[in-house]
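Worksheet: one structure, shown below.
Just so it is clear, none of the values below were taken in a lab; they were calculated from the coordinates. The structure displayed is predicted, hence computed values, not measured ones. FYI the Cβ positions are ideal-geometry reconstructions off the backbone, even for glycines, and counts take in every protein chain you see.
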Amino acid sequence: MLAASLLAVLLATSPVAARAIGGHDGPTGPERAEVAGGWMRWDAPLGCPGAEWLMTRVEGYLGRPLAVDELEAASARGLGGQVRIGSHGRFELELYVGDAAELRHQVGDHDCRRLVDTAASLLAIAIDPLALGRSVVPLEQAEPPIPVPLELPAVAVERPVDVARSRATSEPVSWELIPVADRGEGQLDRSESPPSGRWRGVLATDAGLALGVFPNLAPRVHGRLGFELREPEARVGLRLELDGGATLAGRFRASDEREIGGDLMAWDLALRPCAVPRWGRVDLRTCIAVGAGQLRGRGVGVVNSQQVAQPWLWAGADVGVAVALLGRDARRRISVALAVDAGAGVNMLRPNFVILDALGGPDVGYVMPVVSGRGRLGIELGFF
């Protein structure tokens, strides 16, 4: 309250405010409708009171209608303001004071109507300093209605309780008038501290090609589930994913064009920790992965064909990029991104299959190579 009073005195004693003192009758009827939207610069989001409501509250604080010359003086002096939606549902008011908007007052509140009512009281003081302290219609009776918290009845205590008063005294809220050039248009109120961290779930699906798992280039389909931790305004986040899927349509045949060999398929599960730098809509990531699964084979061109499964163990690394299809926003619960990844790995436990000839010796066989590679294109869904 002390800071608000000091601001009121500052507005009242400025030469610009002194020029707005007048005693003329205010506009009525069509004349009022004509000047309501043009007497000052005012911009507010949907759900907040507009210029007409603000003008009604200003006249309520003045205790009389605004005169035409007062409206013209306010417009010439550059009085005005705007309300923006800040972070965490907080509204931010920028109130322009002085000729050519030399200075502006900035204050935030979670209640937009209460914030605009504060702007009305300050504008009334700037227009007519003698209006300071005059009565006005209570907030709860204003149109449209403004919710005001009800005072709860005091709870009676049976026994007297000695409560030690804290010696620490809360510092009063300060209202600061600073030049416009000292602060950017999109800068947030620093008095509101950001949260300590932010967890976000990740669900993704992708399709691609695998090289070095089978003798041929083979299609693969995978899905991923995990979570990402990123501090507010941090450039780099951390992600942990569980990746699983299958590689299909593998085959090996005899080199002499005989239709003898085997048909192959593989499945695997992998754990992937990643570092994820971010620039706007673009995420880069570098991941390492350790996976295990099976390589399954069924004989082709043999008697009593059987399916055989052998274990598969591998480790590798991936790099990729994801581009957000929807703009990332702190209030957005769902985000969608298009991702491209490529990687390589080492097969530490290598499955092998052998087709025996009539004498029981090896005829046709396949052993998984030491090195394999993969590439994929997919869609990522972020949620929290």
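Quick one: what are the phi-derived ³J(HN,Hα) couplings along region 257-269, Karplus 6.51/-1.76/1.60 with θ = phi - 60°, whole Hz, x for glycine and proline?
6, 6, 7, 10, x, x, 9, 10, 8, 9, 9, 7, 10
Taking H as built 1.01 Å from N, whose amide H comes closer than 5 Å to the amide H of Val213, not counting residues under 5 places away?
Gly373
So if each residue of separation counts as 0.36 nm, and I subtract the Cα-Cα distance between Ala207 and Val370, what length gain in nm does that give?
Difference between extended and current length: 56.4 nm.
I want to make sure I understand the PRE zone here: with the label point 7 angstrom from the Cα of Ala254 toward its beta carbon, which residues in region 352-372 have backbone N atoms less than 19 Å away?
353-367
Under 9 Å from the Cβ of Cys274, count the other residues' Cβ atoms, weight Lys and Arg +1, Asp and Glu -1, and hand me the total.
Once all neighbours under 9 Å are counted, the net charge is 0.
Quote the FRET efficiency, to the nearest 0.05, computed for Val308 versus Leu238 with a Förster distance R0 of 51 Å and r equal to the Cβ-Cβ distance.
My answer for the efficiency is 0.80.
Evaluate the charge dipole of region 253-384 about its Cα centre and quote only its size in Debye, nearest 20, assuming +1 on the Cβ of each Lys and Arg and -1 on the Cβ of each Asp and Glu.
920
Using only the Cα atoms of region 199-301, construct the convex hull and provide its projected area averaged over every direction, in square nanometres to one decimal.
Answer in nm², one decimal: 7.6.
Within a Cβ distance under 12 Å of Asp263, other residues only, what is the Lys/Arg minus Asp/Glu net charge?
+3
List the extent of the Cα atoms of region 244-384 along each of their three principal axes, largest first, rounded to whole Å.
Principal-axis extents of region 244-384 (Cα, largest first): 70, 25, 23 Å.
Taking the convex hull of the alpha carbon atoms in region 344-384, what volume per residue do you get, in Å³?
152
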